[in-house]
Amino acid sequence: MSFKNKIVVITGGGHGIGKCCAECFSREGAIVHVIDVKAGPWFVGDIAEKDTLERFAADVLEKSGHVDVLVNNAPPLFKGIDECTYEEFMHAQAVGVAAPFYLAKLFKDHFGEGASIINISSSRDRMSQPQSESYTAAKGGIAALTHGLAASLAGKVRVNSISPGWIDTSYKTYDGPDATQHFAGRVGNPLDIANMVLYLASDKAGFITGENICIDGGMTRNMIYTGDFGWKLEP
């Protein structure tokens, strides 16, 4: 898949999945614009802030004139009901849902032909652990935002989301139960997600829009009963 001279925008592109996506697009010839809250050779800023989003979008359009691919990847805060404040919860929704919406709005009239938006959700959009509400709510929100945008931008931009499962961004290799609880027999890594991002951004995925694809090695399809494989719940 060649993305030569295609304009790609990635939020949270300074580390993890976002960094891997940026590197993969660059290798395929794309011009990649990254924003990350962490300092680095990219646009630095907190995408929870409206002004930051407007300045970043203006910077992209000034330099490149249009956008072919928008990857909304920046992760929201992970905190639960016991410790998460109202302000922290709202910040998580701003990063995870409002920023993807507003970037799509800012670029709406500047998407190139065959453009694509890929939103990074999570398998936590359909399953939860205790004390994860800020993150889970944001990931559920972006999954729903995906089909909303797909409807509104129909015929102009394809919009899809990916729900990663357990992805180790350090590329650590796991064995034992951590690995075997996945049907695929291993924990995932950022390239597992980046490969799908590039596919969804390509013409090969031209008939896919409004869809969510869960990439979790089968983990969320593994039905577990007490006693199976020695498993038991110990609160």
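Taken together, the values in this text are just the output of simple stated rules run on the coordinates, not laboratory data. Because the structure is predicted, anything quoted here is derived from the model rather than measured. Positions of Cβ are generated from backbone atoms using ideal geometry, with glycine treated the same way; all protein chains shown enter the neighbour counts.
Of note:
- Residue by residue, the range 195-207 carries 3J(HN,Hα) couplings of 4, 6, 4, 5, 4, 5, 7, 8, 5, 5, 9, x, 9 Hz when phi is fed to the Karplus relation 6.51 cos²θ - 1.76 cosθ + 1.60 (θ = phi - 60°); x denotes Gly or Pro.
- Calculated FRET value between Trp231 and Glu62, using beta carbons and R₀ = 45 Å, to 0.05: 0.25
- Our compactness index for the range 7-230, the C-alpha radius of gyration over the empirical 2.2 N^0.38 Å, is 1.01.
- Between helix 50-64 and the chain: long-axis angle, C-alpha atoms, 0 to 90°, nearest 10: 60 degrees
- Förster-model FRET efficiency, 22 Å R0, Asp46 and Leu191, C-beta, rounded to 0.05: 0.20
- A full extension of the chain between His147 and Glu23 corresponds to an added length of 41.9 nm, given 0.36 nm per residue minus the alpha carbon distance.
- Amide hydrogen proximity for Phe111: with H placed 1.01 Å from N in the peptide plane, the residues at 5 or more positions away or on another chain lying under 5 Å are Val67.
- A straight chain from Thr180 to Arg126 at 0.36 nm per residue would run longer than the Cα-Cα distance by 17.3 nm.
- Amide H contacts of Ile215 (H built 1.01 Å from N, in plane; Pro and chain starts excluded): Ser163, Gly165 sit under 5 Å, all sequence-distant by 5 or more or on other chains.
- With Cα atoms, 0 to 90° folded angle of helix 133-152 axis to the chain main axis: 50 degrees
- Extending 7 Å from the Cα toward the beta-carbon at both Phe207 and Lys108 defines two label points whose distance is 3.0 nm.
- Residues listed by number, the range 66-90, amide nitrogen under 19 Å from His15 label point at 7 Å toward C-beta: 72-80
- From its DSSP helices (H runs of at least four residues, each -39,500 (n - 2.57)), the chain gives a residue-normalised ellipticity at 222 nm of -10500 deg cm²/dmol.
- Modelled FRET efficiency - R0 30 Å, Lys4 with Trp166, Cβ distances, 0.05 increments: 0.35
- Translational D in µm²/s for the range 24-126 (Stokes-Einstein at 37 °C, 0.692 mPa s, Kirkwood Rh from C-alpha pairs): 221 µm²/s
- Karplus 3J(HN,Hα) series, Hz, for the range 223-235 with 6.51 cos²θ - 1.76 cosθ + 1.60 (x for Gly, Pro): 6, 10, 10, 3, x, 5, 6, x, 6, 8, 8, 10, x
- The chain: antiparallel DSSP beta bridges as a percent of all, rounded to 5: 0 percent
- Applying the criteria of a DSSP loop state and at most 16 other Cβ atoms within 10 Å to the GluC sites (Glu not before Pro) of the range 82-184 yields Glu83.
- Pairs from the list Lys108/Lys156; Lys19/Lys139; Lys6/Lys156; Lys19/Lys156 with a Cα-Cα gap above 21 Å: Lys19/Lys156.
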